[in-house]
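Here the structure is laid out as structure tokens; the discussion comes afterwards.
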Amino acid sequence: MNQKAELARIQQQVAEWLIRFFESEEDEAADAARAAEWQRWCEQDERHERVYHQMQQLWSSTALTPATTQRKARLQRFFFLALVLGLVGLLASQLPYLYWLADQLYGNRGNPTPEVG
């Protein structure tokens with residue numbers, strides 16, 4: 001097998017290990033068995049542990065931090081508020097102001113509706 005294919009296979013296995021560790025169970029015996037199995041896997045090839053640590057660092061660097069989630073929440077609130085204000089403005093612009101103010105604008109000349117033109 002060529003080196004690129006072998007590296008891709010190791011990276012796939014590492015991704016599976018990362019997911020298994022990320023979704024660890026509450027059972028300590030299962031966690032200990034998983035750790036022992038991982039240690040045996042690492043001993044099979046020196047590249048296993050090296051690639052695992054590289055991908056683990058990459059995984060950790062992309063994790064959401066509290067500051068990131070707070071910033072995202074602020075942006076979502078801002079866009080929601082802008083959307084609500086935009087809808088209120090749109091609805092307000094569609095209200096029949098001329099009809100409501102007809103008496104004040106045109107006087108009460110017996111014409112209940114204004115001529116808009």
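Just to be sure, is Ala63 assigned to a loop (DSSP other than H, G, I, E, B), open to solvent by less than 60 Å² (accessible area, probe 1.4 Å), modelled with pLDDT under 80 and not hydroxyl-bearing (Ser, Thr, Tyr)? So Ala63 passes the test. The set of residues from segment 1-50 being open to solvent by 40 Å² or more (accessible area, probe 1.4 Å), touching a residue at least 12 places away in the same chain (Cβ under 8 Å) and of a type in the set (A, V, I, L, M) comprises just one member, Leu7.
When the criteria are applied in full, Leu58 meets the requirement of being open to solvent by 80 Å² or more (accessible area, probe 1.4 Å), hydrophobic (A, V, I, L, M, F, W, C) and assigned to a helix (DSSP H, G or I). When segment 14-41 is filtered for residues that are under 22 Å from Leu58 (Cα atoms) and aliphatic (A, V, I, L, M), the ones remaining, listed by number, are Val14, Ala15, Leu18, Ile19, Ala35. Quick check: anything in segment 23-33 at pLDDT 85 or above and among the acidic types (Asp, Glu)? No, there is no match, as no residue in segment 23-33 is at pLDDT 85 or above and among the acidic types (Asp, Glu).
The values are calculated or read from the model by the stated rules, or taken from the named source; none is laboratory data. Since the structure is predicted, the reported quantities are computational estimates derived from the model, not experimental observations. Methodologically, a virtual Cβ is constructed for each residue, glycine included, from the backbone with ideal geometry; neighbour enumeration extends over all protein chains shown. Heavy atoms of the whole protein, side chains included, go into the accessibility calculation; ligands, DNA and RNA do not. Shrake-Rupley method; radii C 1.70, N 1.55, O 1.52, S 1.80 Å.
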